[in-house]
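Chemist: Handing you this structure, nothing more for now.
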């Protein structure tokens, strides 16, 4: 397969570079490759259904990779058709891309298939170990039911033990397994069978005499030890994994060198164009060194990608300026240079090696505790406030947990899942609290449903977390992210405010409580009249909370404040009059009667400004849409039908509501909206049914939900165009619609559709960011503006991630697509939140920080992880830093009570600013210091040729090799050249086959440096052929070893393992070189893989030559 791909790529590269006519042999060659690829896919699927049928994840991985190969095959056919019938240059480019995709997908499928046996064996071992640990021998084993349970637990365990022994035996008998490895694997398989038989025997003894339980536990432990041993052996005698990437190096001197070289490139283009090639090479090397230092840290991948993009942009701008040195091109070069310098300066602001010190941990813990003690007595004495606190903590913990999943940080995930569980349980308790006013005056059934769903969702999340911690594969990663999203969505339903809906509901409660009070007064019931006044106070507070939020998004907040203040004053005048009115006081009775029309007048004024009556039914319908989603995605299928019925009822209410719109234009828009969503309501109900029946994914239902909400957002904007959140809401739903398009295109497997869908998404997100930038600039409070800016900056970064994303990077695409809607929703919340909302959010973050510091006892937390939200926390405390009177009113406190909390917030604010500065490289950069010494450049000189008499194997020209140290080599071509030279030094006097490999690797390095695609492909194929010849030498030598003792068996095992690894390296070298040749200008990821491959190849070649020497001179030599 690799030969076919390599030959086809070589042919395509040669023809595309000359933009040649399509030769007759090309379709035939492509047909051979496609046929082989389809056969490979077919065989892989058959293996999945036969050998791995009981292992769902392996089956999914194989089938998914096979689907990609099939899609690549289709795309190659389509590319050929396009080449014959369209623009020839574009056709060649498309065919080149198709070859690259075919190379990548076949390598991926082969990797999965080759690793499936090992994965199956390890899965059985893990399952068996878990089953052993779950055996409970603590009960009364004289009881028949307990014996039955024990038998039921032991039986599948024994079946798995037999399977594991069988798989180990099969692995021992595989062709190419050394005698030593086979002996060890077979012995362990036999030991596992013996331990299983011992468990059968001791189990029977326990049934007869329960006091023999310790003997059974010992037998189980013995089996467990053999299982661990078997798993370790299977990994030890598998193909060697590439070495772990080296630790992140100190960045500062590298950054400063890269800055210098980026500036030099700019000045060279303007002042000394002849020196461009040298300057370009230097900046590539120095920036490449920074990138290689960043990439091992997954949290800095974005920084590395941005830096690479900036470098490409600068070089392209430099080339344009050289070709046409006009003012615009020179300005573009300056802009590109500034971009790369800014990217480098940003990296100097973050020191990725820092850890939180013991002293910092103590200081931070004290400040967090002080802030908590200052605010908790004010904010969290009421049941509804405890609900809000638990919700904010849960959201923050879920967001951080998802970050840990994204970066594969299992320690962070393990720590955060405990905090998620605690905050989720706290929220469930608050939802179930019978004294909680939100529950009392809200929808009790909804609260009960949400509490149950949260328990179910938490159980799913814990289970998914265990799976991820055991095996952080793409599948387990996706499952855990889905579980996180589901729990957050469930919590959002009763906790996330909708201002117009909340205002309408609370006004109705207010009016209802006022009339109820008047009724009690009429009946002379003093006690009930005063109780009703308490209900009025609660309704007024809730109405005020919704009104304060609406002021945040209204360009004229006083227009909302005036009627709210009028309502406050009306009910302030009624305070302490209920008892007198119930006793018959005429003036007090009149005050209550007069209040009704005054309340209605104030409400009318409020509605005219905020359009509450018109918009609230739309938000009720949105709630019904969410309820259908939650019902369909729940574990209770009977909830689906009532939820759909409620959705239809809400739709009818919208139909009726729009008929009552007074503005004719609004009425027309409302009627058009109703007709637009009518068929989508039917589609949504049907899709929900499919989800319940397992015929569709919940994500598909969510996509339809977003299409339902988009026309509602358009109508809300027409009803209330001045509200600053309307444009954001509309444009965010356009982005979500584009996300649906990407998902559908990817599912269909059409590369052209996927590319178009991704472009639509990029355009929609860029438009959203423009709208968000406008909304941010309109924000009055500077700290709130900074919060808006933080959200906007992350969305701009996500837009850049999309632009830089490799379409084949499905995991990267998954995380970007997951982050976009979350970040947009966060920004809408930021815009709508009051300073009271923000300080509650800040306290929740502070509590989570405090808990994080307490659970991270074994290792001090990463300072970067903690400071990632430091600026966010400082700005969320905006209500405590400055005038606290507005905050006090919003949270129902006396401003004097906030003194201690405000002092703690100021201290925290200053400490976090100092800590962020201390974390930066900038402080070090500002200190006087000598100029940084540039990294030593790789010196290239000719190797002195040995005398011909010393070689005796035929002399390779030493002009081919470069004297370059691997430790100094930076780029792929330098590393390959250094490896080739290193092998040549060892092989030239001892092994012709190995020296031939060195020769072709040297040619490959030169071809890569010069950009000659054809020469690269030829050299890679020749190197692979020589590797195969050398492997045959290793295999033949291994067969000649007599295996008289352990040492001889070990050497034979070494030779067999070396030749297996080298054959794999040869195949990878051909395919990766093909990928590199088709993308010379933008193949940094391929370069990194080739660098690792080159170094591994050199290491194994040298080790194998040493082993050959030992075998030939000691073992085989002694034989004679």
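Chemist: Take the Cβ-Cβ distance between residue 1015 and residue 463 as r, set R0 to 60 Å, and report the resulting FRET efficiency rounded to the nearest 0.05. Display every interim value, and only then the final one.
Modeler: Working: r = 54 Å, r/R0 = 0.90.
Computed FRET efficiency for residue 1015 and residue 463: 0.65.
Chemist: Taking N as the number of residues in the chain, what is its Cα Rg relative to 2.2 N^0.38 Å?
Modeler: 1.11
Chemist: In what sequence do 730, 839 fall when counting other Cβ within 10 Å, fewest first?
Modeler: The most exposed by this proxy come first: 730, 839.
Chemist: Rank the residues 845, 89, 676 as a footprinting-exposure proxy: fewest other Cβ atoms within 10 Å of their Cβ go first.
Modeler: Ascending Cβ contact count within 10 Å gives the list 89, 676, 845.
Chemist: Once you have the Cα-Cα distance between residue 1109 and residue 903, take 0.36 nm times their residue separation minus that, and quote the gain in nm to one decimal. Kindly include the intermediate steps, with their values, before the conclusion.
Modeler: Details: separation 206, 0.36 × 206 = 74.16 nm, distance 7.52 nm.
Value of the extension gain: 66.6 nm.
Chemist: Specify, per residue and in Å³, the volume enclosed by the convex hull of the alpha carbon atoms belonging to segment 17-143.
Modeler: On the way: hull volume 15.0 nm³, N = 127.
Convex hull volume per residue, Cα atoms: 118 Å³.
Chemist: Sticking with this structure for a sec: Relative contact order (percent) for the chain, with alpha-carbon contacts under 8 angstrom and 6 or more residues of separation? The partial results should precede the final answer.
Modeler: On the way: 1297 pairs, mean separation 131.8, N = 1120.
About 12 percent, as a whole number.
Chemist: Mind checking the full-extension length gain between residue 186 and residue 267? Use 0.36 nm per residue of separation minus the Cα-Cα distance, one decimal, nm.
Modeler: Working: separation 81, 0.36 × 81 = 29.16 nm, distance 6.80 nm.
Length gained, residue 186 through residue 267: 22.4 nm.
Chemist: Taking each pair of different alpha-carbon atoms in segment 252-348 once, compute 1/r for the pair, average those values, and report the inverse of that mean as the Kirkwood hydrodynamic radius in Å to one decimal.
Modeler: Taking every pair of different Cα atoms in segment 252-348, averaging 1/r and inverting gives 13.2 Å.
Chemist: Can you sort 990, 234 so the residue with the fewest Cβ neighbours within 10 Å comes first?
Modeler: 990, 234
Chemist: Still on this structure, please answer the following. As an exercise, use a Förster radius of 25 Å and the Cβ-Cβ distance of residue 50 and residue 126 to find the FRET efficiency, rounded to the nearest 0.05.
Modeler: Computed FRET efficiency for residue 50 and residue 126 comes out at 0.65.
Chemist: Give the shape of segment 503-652 as rounded, prolate or oblate, defined through the alpha-carbon gyration tensor: a ≥ b ≥ c are the square roots of its eigenvalues, a/c under 1.5 means rounded, and otherwise the shape is prolate if a/b is larger than b/c and oblate if not.
Modeler: It comes out oblate by the Cα gyration axes.
Chemist: Viscosity 0.692 mPa s, temperature 37 °C: give me the Stokes-Einstein translational D for segment 419-562 in µm²/s, with Rh taken as the Kirkwood radius over C-alpha pairs. The partial results should precede the final answer.
Modeler: Numbers: Rh = 18.1 Å.
Translational D for this selection: 182 µm²/s.
Chemist: Using alpha carbon coordinates only, what is the Rg to Rh ratio of segment 351-467, with Rh defined as the Kirkwood radius?
Modeler: Answer for segment 351-467: 1.05.
Chemist: For the pair residue 668 and residue 443, what calculated FRET efficiency results from E = 1/(1 + (r/R0)^6), where r is the Cβ-Cβ distance and R0 = 35 Å, to the nearest 0.05?
Modeler: Once rounded, the FRET efficiency stands at 0.60.
Chemist: Roughly speaking, what % of Cα-Cα pairs in segment 740-834 are separated by over 20 Å, rounded to a whole number?
Modeler: Details: 1757 of 4465 pairs.
Across segment 740-834, Cα pairs with separations above 20 Å total 39 percent.
Chemist: Right, here's the next one. Convex hull over the Cα atoms of segment 614-723, averaged projected area in nm²?
Modeler: Reported value for the Cα convex hull: 6.5 nm².
Chemist: Using 0.36 nm per residue of separation minus the Cα-Cα distance, give me the extension gain between residue 470 and residue 29 in nm, one decimal. Please list the in-between numbers first.
Modeler: Numbers: separation 441, 0.36 × 441 = 158.76 nm, distance 4.40 nm.
Result for the pair: 154.4 nm of gain on full extension.
Chemist: Okay, next question. Any idea what log10 I(q)/I(0) is at q = 0.12, 0.17 Å⁻¹ for segment 135-236, Debye with uniform C-alpha scatterers and no solvent?
Modeler: With one equal scatterer per Cα and no solvent, log10 I(q)/I(0) is -0.44, -0.73.
Chemist: Considering just Cα atoms, how many Å³ per residue does the convex hull of segment 93-177 enclose?
Modeler: For segment 93-177, the hull spanned by Cα atoms encloses 122 Å³ per residue.
Chemist: Report, in deg cm²/dmol and to the nearest 500, the calculated mean residue ellipticity at 222 nm for the chain, where each DSSP H run with n ≥ 4 adds -39500 (n - 2.57) and the sum is divided by the residue count.
Modeler: Working: 43 runs with 890 residues, N = 1120.
Helix-only estimate at 222 nm: -27500 deg cm²/dmol.
Chemist: While we're looking at this one, here's another question. Averaged over all directions, how much area does the convex hull of the C-alpha atoms of segment 664-757 cover when projected, in nm²? Mind showing how you got there, number by number?
Modeler: On the way: hull surface 28.3 nm².
Directional mean of the projected Cα hull area for segment 664-757 stands at 7.1 nm².
Each value in this text was obtained by applying a stated rule to the coordinates, not by laboratory testing. Keep in mind it's a predicted model, so treat the numbers as computed, not measured. All Cβ positions, glycine included, derive from the backbone under ideal geometry; neighbour counts span all protein chains shown.
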